[in-house]
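To keep things clear, I will list the structure first and then write my remarks on it.
The values are calculated or read from the model by the stated rules, or taken from the named source; none is laboratory data. Small disclaimer: the values here were computed from a predicted structure and weren't measured. Cβ atoms come from the backbone with ideal geometry, glycine included; neighbour counts cover every protein chain shown.
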Amino acid sequence: MIISVTSPKKGMGQTVLTINLTAAMGKAINDKAAIIDINKYYSDIAYYLSNSSFTKGLDEFINLKRTDMLNEDNFSRCFKRVNDYIHFMTSNDCFDMENGDIISLQKYLAKQYPIATVDTIASNNKISKNFFHISNAIIVTLNQDKKLIDKLVNFNGIYDYEDKIVFVINRYIETLGSNKIQYTDLDIEKDVRKAGFKNNRIFRLDFDTEIMNDCNDLSILNYVLSSKESKYLNQLKELSSFLLKQCGKYNIEDKSIKKKRGFFTSKMDFFSL
């Protein structure tokens, strides 16, 4: 299954969300998951997950594909392994992606990765839209800004993929100092419905200072993959469970994981595996 993560504008925390969600789902099914970074303007995935230079990734994949040298073995070498659950493909610098490259990438991902997430280019972008087309789900990252909801109307043809969209209110806060934030999750839901998304699920991920302080030297994954309890991790677990069930046809029931290609059974408590 392929999940694209996007936002009407940069700065919504979609990259950290992509990493956390991929790690949570990979651990849930006890298998590797891929992150594809297509944002060549920032390459944030490599910044968060690698402490060494990494020059392959999408450029290597595109070069192999266009020279008819691509196979399953050298496809796997286009990724950097972070841990047992996350492998990532860094964004392209040299080659521009074409639709044929995306279709080929989809085919190879299906063979080697039960889960792949795509960190797209925020705002309107043709390549991101092409990834929306092949995705099983599209996560649209929002925050507590009413103007951002208004931007959905003209955002990257998003209405064409209405049945795939899941909204995530990222870094949600209820109070700032002693003041209550006026634009609440209920207000956001009301405005999302008013914008035409009548039945799409809306999830909330609360602001967590530990996440914000643990974004260097891979420690962000130490937090997300730990056995600790927090509101954020429970909310992330709920989002992961929904996506695995709705898009990947994973049945989260049993404590033990019975692994068959394309189907897994496990307990709801992902973080105790």
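Checking region 173-185 against the condition returns no match, with no residue being buried (at least 20 other Cβ atoms within 10 Å of the Cβ) and part of a helix (DSSP H, G or I). Candidates are the residues of region 144-154 that are among the charged types (D, E, K, R) and farther than 23 Å from LYS126 by Cβ; the one that is surrounded by the fewest Cβ atoms within 10 Å (Cβ to Cβ) is LYS147. Only one of the listed residues (ASN170, ASN222) is modelled with pLDDT of 90 or more, closer than 29 Å to GLY248 by Cα and either crowded, with 20+ Cβ neighbours inside 10 Å or not small (Gly, Ala, Ser) (or both). That residue is ASN170. Looking only at residues in region 15-30 that are within 24 Å of LYS56 (Cβ to Cβ) and out of contact with any helix residue (DSSP H, G or I) (no Cβ under 9 Å at 6 or more places or on another chain), the one that is surrounded by the fewest Cβ atoms within 10 Å (Cβ to Cβ) is GLY26.
Entry remark, region 1-14: residues being crowded, with 23+ Cβ neighbours inside 10 Å, within 14 Å of the chain's Cα centre (by Cα) and in a loop (DSSP other than H, G, I, E, B) number 2 in total. In a residue-by-residue description of region 134-152, the property of being modelled with pLDDT of 95 or more and in a loop (DSSP other than H, G, I, E, B) applies to at least one position. Does LYS245 satisfy the criteria of being among the charged types (D, E, K, R), at pLDDT 80 or above and farther than 21 Å from SER4 by Cβ? The answer is no for LYS245. Report yes if ALA34 is closer than 16 Å to ILE102 by Cα, at pLDDT 85 or above and among the small types (Gly, Ala, Ser), otherwise no. So ALA34 fits the description; yes.
Report yes if some residue within region 155-162 is out of contact with any Leu (no Cβ under 7 Å at 6 or more places or on another chain), buried (at least 17 other Cβ atoms within 10 Å of the Cβ), in a loop (DSSP other than H, G, I, E, B) and among the small types (Gly, Ala, Ser); otherwise report no. Looking for residues that are out of contact with any Leu (no Cβ under 7 Å at 6 or more places or on another chain), buried (at least 17 other Cβ atoms within 10 Å of the Cβ), in a loop (DSSP other than H, G, I, E, B) and among the small types (Gly, Ala, Ser), one finds none in region 155-162, hence no. When you look at LYS126, is it within 20 Å of ARG204 (Cβ to Cβ), at pLDDT below 95 and surrounded by fewer than 22 Cβ atoms within 10 Å (Cβ to Cβ), yes or no? No: the conditions fail for LYS126. Among the residues of region 192-214, count how many are at pLDDT below 95, in a helix (DSSP H, G or I) and surrounded by 17 or more Cβ atoms within 10 Å (Cβ to Cβ). Result for region 192-214: 1.
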